[in-house]
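The structure under discussion appears below in the form of structure tokens.
The values are calculated or read from the model by the stated rules, or taken from the named source; none is laboratory data. The model shown is predicted, which means the values in this text are computed figures rather than measured ones. Virtual Cβ from ideal backbone geometry, glycine too; neighbours counted across all protein chains shown.
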Amino acid sequence: MKKNLIRSYVAIFVATLSVVACTKKEDNSNKILLGEYGSMTGEVANFGQSTHKGITLAQEQYNAAGGFNGKQVEVKLYDDQSKPEEAANTVTKLITQDNVVAVIGEVASSLSLVAADVAMRNKTPMLSPSSTNPDVTKKGEYIFRICFIDPFQGEVMAKFAGQNLHAKTAAIFRDVKQDYSVGLADFFKKAFEAHGGKILIDTAYQSKDSDFKAQLTEIKAKNPDVIFIPGYYNDVGLIAQQARSIGIKQPLLGGDGWDSQDLVKVGGAALENTYFSDHYAPDTTEPTAVKFIASYKAKYGNETPDAMAALGYDAFFVMMDAIKRAKSVSREDIKNALAQTKDFQGVTGKTTINAERNAVKSAVVLVVKDGKPKYFATVEP
Ligand code: PHE
């Protein structure tokens with residue numbers, strides 16, 4: 001009896017110790033520790049993987065050049081598996097256990113939206129490289145991004161459809177599971193109609209669906225001039241294939257969510273002569289970008305960086321630029337410094353953070369030719 005009692009006391013003591021150990025904050029005084037959460041696996045694994053490659057390259061270059069006041073910058077990465085619950089969990093861990101000064105992430109807007117609530121509650125700066133849904137930074141004063149937002153991107157593609165492709169009518173095929181897709185579909189619709197165009201059909205699918213033929217058949221029957229599909233690359237590849245297989249010949253258009261090596265891997269020839277808006281063109285001649293592309297290819301087996309890699313790279317340097325200007329490395333001072341970011345020259349253009357904590361940048365339109373996205377046009381804000 002007594003022995004049992006002692007045993008349970010010991011058990012409670014050990015359990016308490018391990019809880020204390022788990023929730024104890026890391027001491028990072030000998031380094032600068034940033035957090036990164038991203039989709040390294042799951043539905044949109046390309047997003048996290050590319051972003052991480054860009055961030056890692058930037059971090060190596062930054063540390064090789066001396067780091068921050070003699071301290072090395074480390075980036076603690078967690079995989080959120082492309083899942084909202086995991087985005088919340090990983091950011092909680094980064095902030096409360098790893099004790100990072102700021103977090104970089106996510107790509108997919110639905111995940112950034114969830115994580116932003118956590119960052120706001122914990123008063124920790126979060127910098128999204130590439131989430132374009134306007135609501136992300138509306139979460140509050142600690143949430144920033146270095147890319148344009150979807151009202152602009154919708155306008156870019158609506159104008160492009162009207163002016164370059166002479167489209168008077170359009171169909172929209174949206175992914176109702178993604179905040180990004182729903183938002184961008186709405187903004188495209190508004191802009192296309194404002195320019196005098198007509199939306200003949202606005203229909204939907206859900207991420208991870210694999211048979212799109214019913215909706216595509218309906219779209220085909222309406223005979224629109226163009227079809228706007230603001231989805232993510234994996235679904236879009238399949239949609240393009242099935243559209244061509246049922247005889248849809250019209251131009252397919254999309255947004256930055258199309259950007260991935262896997263787009264053409266999945267969609268193949270069905271994607272030839274399709275167009276999408278993006279943050280950067282892989283065949284750019286802009287000097288900062290050309291230098292980045294060369295060092296990226298050297299590090300990653302001659303792989304051409306996509307927009308997520310470019311934005312991940314820029315996000316790291318924008319973050320360090322803010323930390324350098326900050327009064328201290330406290331989360332609040334870093335937040336204040338991020339808000340003051342002005343004319344920061346990166347691979348994806350100049351970043352100035354505006355009053356809404358967004359960056360105002362130009363977009364490019366890419367066309368898929370011979371299995372590769374190529375520069376087609378630049379659209380200024
Ligand atoms: N903008 C997309 C979103 O908000 C993510 C994305 C950015 C995808 C850049 C590809 C390239 O969900």
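Couple of notes before you dig in:
- Meets criteria (in contact (Cβ under 8 Å) with a residue 24 or more places away in the chain and not charged (D, E, K, R)) for Thr304: no
- Residues that are on the phi < 0 side of the Ramachandran plot, part of a helix (DSSP H, G or I), touching a residue at least 24 places away in the same chain (Cβ under 8 Å) and surrounded by fewer than 21 Cβ atoms within 10 Å (Cβ to Cβ) do not occur anywhere in region 203-210.
- Restricting attention to region 336-381, the residues that are in contact with a Ser or Thr (Cβ under 8 Å, 6 or more places away or on another chain) and of a type in the set (D, E, K, R) total 6.
- Residue under evaluation Leu165, criteria (1) in a loop (DSSP other than H, G, I, E, B); (2) over 26 Å from Glu193 (Cα atoms); (3) away from the ligand (no atom under 11 Å from the Cβ), criterion not met: (2)
- Residue within region 310-320 that is of a type outside the set (Asp, Glu) and assigned to a loop (DSSP other than H, G, I, E, B) present: no
- Checked against (1) touching a residue at least 60 places away in the same chain (Cβ under 8 Å); (2) within 27 Å of Leu33 (Cβ to Cβ); (3) surrounded by 14 or more Cβ atoms within 10 Å (Cβ to Cβ), Ala363 passes all but a single condition, namely (2).
- Condition met for Pro305 (closer than 20 Å to Glu106 by Cβ and not aliphatic (A, V, I, L, M)): yes
- Residue among Lys342, Lys335, Lys324 that alone is assigned by TED's automatic domain parsing to the domain that holds Thr124, more than 30 Å from Gly267 (Cβ to Cβ), basic (Lys, Arg) and free of Cβ contacts under 8 Å to residues at least 12 places away in the same chain: Lys342
- Among (1) within 16 Å of the ligand (Cβ to nearest atom); (2) surrounded by fewer than 24 Cβ atoms within 10 Å (Cβ to Cβ) - the single one Ala298 does not satisfy: (1)
- Total residues in region 38-55, condition touching a residue at least 24 places away in the same chain (Cβ under 8 Å) and part of a helix (DSSP H, G or I): 10
- Scanning region 246-271 for residues that are of a type in the set (Gly, Ala, Ser) and in a loop (DSSP other than H, G, I, E, B), we see that the one that is farthest from the ligand (Cβ to nearest atom) is Gly247.
- Screening Ile227 on (1) among the β-branched types (Val, Ile, Thr); (2) in a helix (DSSP H, G or I); (3) surrounded by 24 or more Cβ atoms within 10 Å (Cβ to Cβ) shows it passes everything except condition (2).
- Conditions (1) modelled with pLDDT of 95 or more; (2) within 15 Å of the ligand (Cβ to nearest atom); (3) surrounded by fewer than 24 Cβ atoms within 10 Å (Cβ to Cβ); number of the one not met by Asp278: (3)
- Residue, surrounded by the fewest Cβ atoms within 10 Å (Cβ to Cβ), within region 144-162, restricted to residues that are of a type outside the set (A, V, I, L, M, F, W, C) and more than 13 Å from the ligand (Cβ to nearest atom): Lys159
- Of the candidates Ile219, Ile246, the single residue that is surrounded by fewer than 20 Cβ atoms within 10 Å (Cβ to Cβ) and of a type in the set (A, V, I, L, M) is Ile246.
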